[in-house]
Amino acid sequence: MTGTDGFTDFFYPSKDGLRLHARIYGHSNEARTPVVCLPGLTRNVRDFHEFALFLSTHPETPRKVVAFDYRGRGASAYDPEWKNYNIVTEADDVLAGLDTLGIPRAAFIGTSRGGLIIHMLAVMRLSLLKAAIFNDIGPVVEAAGLAHIRSYLESPVQAATFAEVEQAQREIHGADFPALVDEDWVRMVKAIYRDDNGRPVADYDPALINTVVTLDLRQALPALWDQFDALNTIPVMVIRGENTRLLSTETVAEMNRRHPGMEVISIAGQGHPPMLETRDLRERIARFLGQLEKSPDR
């Protein structure tokens, strides 16, 4: 049963005993493919709230939506060993959640790190994937984008009020996101920070930063082309922020070459990652998902 906020909270155990969290929007519908939402490195289920509400209550194609908090983020338990904050372990946690929920197949939307986790799922359990939507991520992660992420994670915002946090986020990301309006910035801040008696607190384990600061950015990260190629039998969409530093146009072009028919959307005035509920993006995603029911055997 869906709560008054449009979702229910779902808790389940990881294989190593952590209490993990997801949100469930809408209801199971045999005629509609469920959607699984996977957030970025330090982000959580609140990133998808408006988007998940839209999909789960769509007047023509309502569908069940499940958004996951990885270990160490949002309402999921923190891991005492920070090295477990890796995409293989996190993919396994997602599998555990879907198995508990009894979801054998779904369309996946991965923002940033969430897209890397989709790559892992492609080789861990390809049959689970009905379609894949990559939000500003691909098999190659640009060092310039990682350097930018590391720079603001190493110097976290210190603010006493949400208004101060919002101003700080505008200063950090404003040049990359000129298309955002005031309500977008407010929504972004409320997604990143939890309210601790009126004080904003970044909603993730501070130890998570170790996964970025320990990277040697002089060396390219291993590319995931083999994992991406495993997706060549399912529909794929790639969303790229016009001002992103993490996903290059060259990588998108190579993805398109390897996966002919892949749908590519460029989002003007946004960087990494584009907000799914802005402009007409959510409607375009809904149309893409609607095609899945027209090709049920794919």
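Some observations on this one:
- Test result for THR100, in a helix (DSSP H, G or I), in contact with a Phe, Trp or Tyr (Cβ under 7 Å, 6 or more places away or on another chain) and of a type in the set (S, T, N, Q): yes
- Filter result (part of a strand (DSSP E or B) and within 16 Å of VAL141 (Cβ to Cβ)) within the range 231-245: VAL238, ILE239, ARG240, GLY241
- The residue that is surrounded by the fewest Cβ atoms within 10 Å (Cβ to Cβ), counting only those in the range 76-97 that are closer than 27 Å to GLY26 by Cβ and touching a Phe, Trp or Tyr at 6+ places or on another chain (Cβ under 8 Å), is ALA96.
- Which numbered condition VAL123 misses (of (1) surrounded by fewer than 24 Cβ atoms within 10 Å (Cβ to Cβ); (2) in a helix (DSSP H, G or I); (3) touching a Lys or Arg at 6+ places or on another chain (Cβ under 9 Å)): (3)
- Screening ARG187 with (1) more than 23 Å from ASP16 (Cβ to Cβ); (2) touching a Leu at 6+ places or on another chain (Cβ under 6 Å); (3) of a type in the set (Lys, Arg) gives one miss only, at (2).
- Any hit, the range 54-68, residues being in a helix (DSSP H, G or I), touching a Ser or Thr at 6+ places or on another chain (Cβ under 9 Å), buried (at least 21 other Cβ atoms within 10 Å of the Cβ) and among the aromatic types (Phe, Trp, Tyr): no
- On the stretch given as the range 211-235, residues that are polar (S, T, N, Q) and either buried (at least 17 other Cβ atoms within 10 Å of the Cβ) or within 20 Å of the chain's Cα centre (by Cα) (or both) total 2.
- Residue in the range 246-262 that is among the small types (Gly, Ala, Ser), in contact with a helix residue (DSSP H, G or I) (Cβ under 7 Å, 6 or more places away or on another chain) and at pLDDT 95 or above present: no
- Just one of the listed residues (LEU146, LEU98) is under 27 Å from ARG287 (Cβ atoms) and out of contact with any Lys or Arg (no Cβ under 7 Å at 6 or more places or on another chain), namely LEU98.
- Of everything in the range 98-114 that is small (Gly, Ala, Ser) and closer than 22 Å to ASP9 by Cα, the residue that is surrounded by the fewest Cβ atoms within 10 Å (Cβ to Cβ) is GLY102.
- Test: residue in the range 219-227 that is over 30 Å from GLU263 (Cβ atoms) and either among the hydroxyl-bearing types (Ser, Thr, Tyr) or modelled with pLDDT of 95 or more (or both): no
- Residue selection: ILE137 satisfies the criterion of being touching a Gly at 6+ places or on another chain (Cβ under 6 Å) and either buried (at least 21 other Cβ atoms within 10 Å of the Cβ) or small (Gly, Ala, Ser) (or both).
- Residues in the range 17-42 that are part of a loop (DSSP other than H, G, I, E, B), under 18 Å from TRP82 (Cα atoms) and more than 18 Å from the chain's Cα centre (by Cα): GLY17, LEU18.
- Qualifying residue in the range 129-152 (condition: over 30 Å from ASN256 (Cα atoms), touching a helix residue (DSSP H, G or I) at 6+ places or on another chain (Cβ under 7 Å) and modelled with pLDDT under 95): yes
The values are calculated or read from the model by the stated rules, or taken from the named source; none is laboratory data. The structure presented is a predicted model; accordingly, all values stated were derived computationally and were not measured. Cβ atoms come from the backbone with ideal geometry, glycine included; neighbour counts cover every protein chain shown.
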